[in-house]
Amino acid sequence: MSMNSKVDSPMGIDCAEPRAPWALSAPPPFPAAAMRIMSILANQDNVAMKKIVECIQADPVFAAEVLRVANSALFGSLLDIKTVQKAVVILGLDLVKALAITVGMRAYVRTPLRVPVLRSCWNHSVATALLSRELATVCRIRGEEAYTAGLLHDLGRIGLMASYPTEYANMLSVSYEHSFDVLQCERDLFDLDHCQAGGWLAEQWGLPSDIAFAVEHHHDGIAAEPLTTPGIVALGCRLADTLGFNVVGAKCTWSLEDIRGSLPKSAQHRFPADAESLKARVAAQLAAIA
């Protein structure tokens with residue numbers, strides 16, 4: 001596939017929604033339960049446990065999958081979690097919100113995940129979430145908020161590949177084969193890159209400002225101290241690449257020492273220094289929801 005060609009844009013999109021990027025004009029529907037939870041996230045300081053539980057329980061299939069993942073190595077405890085209410089009590093409200101969004105995102109990309117090159121996108125998103133949570137924890141920042149922002153940081157990529165799985169997979173393969181810049185290839189093919197696509201989707205979905213900023217700016221430079229959630233996610237994204245959980249064609253230019261050196265001095269000694277053990281732990285958690 002030539003990077004000079006474009007996916008045919010849908011007819012009539014300019015009339016129906018002038019501001020909508022044509023490449024995101026008709027993405028697959030996001031699971032309703034997860035969408036409601038993400039909407040609640042916008043007011044996360046005032047979220048009642050009952051509201052989250054009701055959102056999850058409204059969809060029995062979704063609730064069953066949430067409980068399955070809650071008992072997996074990704075989020076699981078030593079206790080058998082059989083109800084959503086028990087999951088909230090044992091894991092905590094923030095962790096259950098993150099868990100539910102993980103399940104929703106996985107359902108959203110279920111069909112594209114059958115394509116190996118697109119599966120690397122999903123693995124990268126989950127690895128970034130896990131690593132962002134760990135980075136945030138050592139920096140005394142809310143870990144589950146960083147996890148959610150990390151999981152959603154490639155929201156634009158997820159939206160493009162959910163809408164055009166074949167075209168997006170081909171684009172990634174071509175960019176890897178010829179060492180093309182992926183962001184530029186996305187712009188050539190879809191008229192916007194995945195950061196811009198993510199920014200638009202974050203606005204449409206009403207995501208909290210910190211998460212929306214992380215989605216749109218995770219490829220920007222990392223600001224100096226104090227680190228905030230978007231900066232943590234940018235580091236998590238780079239660390240995922242460093243450990244081998246990269247999207248096909250992504251160039252890794254950061255070492256684990258570089259990442260640790262970007263943390264506040266008070267946090268550097270608390271973050272793991274052994275890349276292999278850290279990679280193995282993330283891989284085990286990824287396998288838990290495979």
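The values are calculated or read from the model by the stated rules, or taken from the named source; none is laboratory data. Because the structure is predicted, anything quoted here is derived from the model rather than measured. Cβ sites come from the backbone with ideal geometry, for glycine too, and all protein chains shown count toward neighbours.
A few notes on this one:
- The single residue among 283, 290, 250 that is modelled with pLDDT of 90 or more and either crowded, with 22+ Cβ neighbours inside 10 Å or not aromatic (Phe, Trp, Tyr) (or both) turns out to be 283.
- Residue check for residue 167: surrounded by fewer than 24 Cβ atoms within 10 Å (Cβ to Cβ), in the same structural domain as residue 117 (by TED's automatic domain parsing) and closer than 23 Å to residue 112 by Cβ: yes
- So residue 235, is it out of contact with any Cys (no Cβ under 7 Å at 6 or more places or on another chain), farther than 25 Å from residue 30 by Cβ and among the aliphatic types (A, V, I, L, M): yes
- Some residue of the range 208-220 being among the aromatic types (Phe, Trp, Tyr) and in a helix (DSSP H, G or I): yes
- Of the residues making up the range 173-191, those that are under 23 Å from residue 127 (Cβ atoms) and either in contact with a Pro (Cβ under 9 Å, 6 or more places away or on another chain) or assigned to a helix (DSSP H, G or I) (or both) number 7.
- Hits in the range 141-174 (condition: of a type in the set (Lys, Arg) and either over 12 Å from residue 229 (Cα atoms) or within 12 Å of the chain's Cα centre (by Cα) (or both)): 157
- Taking the listed residues 133, 140, the one that is surrounded by fewer than 23 Cβ atoms within 10 Å (Cβ to Cβ), at pLDDT 90 or above and not aromatic (Phe, Trp, Tyr) is 140, with no other qualifying.
- Those helices (runs of 4 or more DSSP H) lying entirely in the range 76-172 with at least 1 residues aromatic (Phe, Trp, Tyr): 93-108, 116-138, 143-152
- Residue list for the range 208-247, restricted to those being in contact with a Leu (Cβ under 7 Å, 6 or more places away or on another chain), of a type in the set (A, V, I, L, M, F, W, C) and crowded, with 24+ Cβ neighbours inside 10 Å: 211, 215, 232, 235, 239, 240
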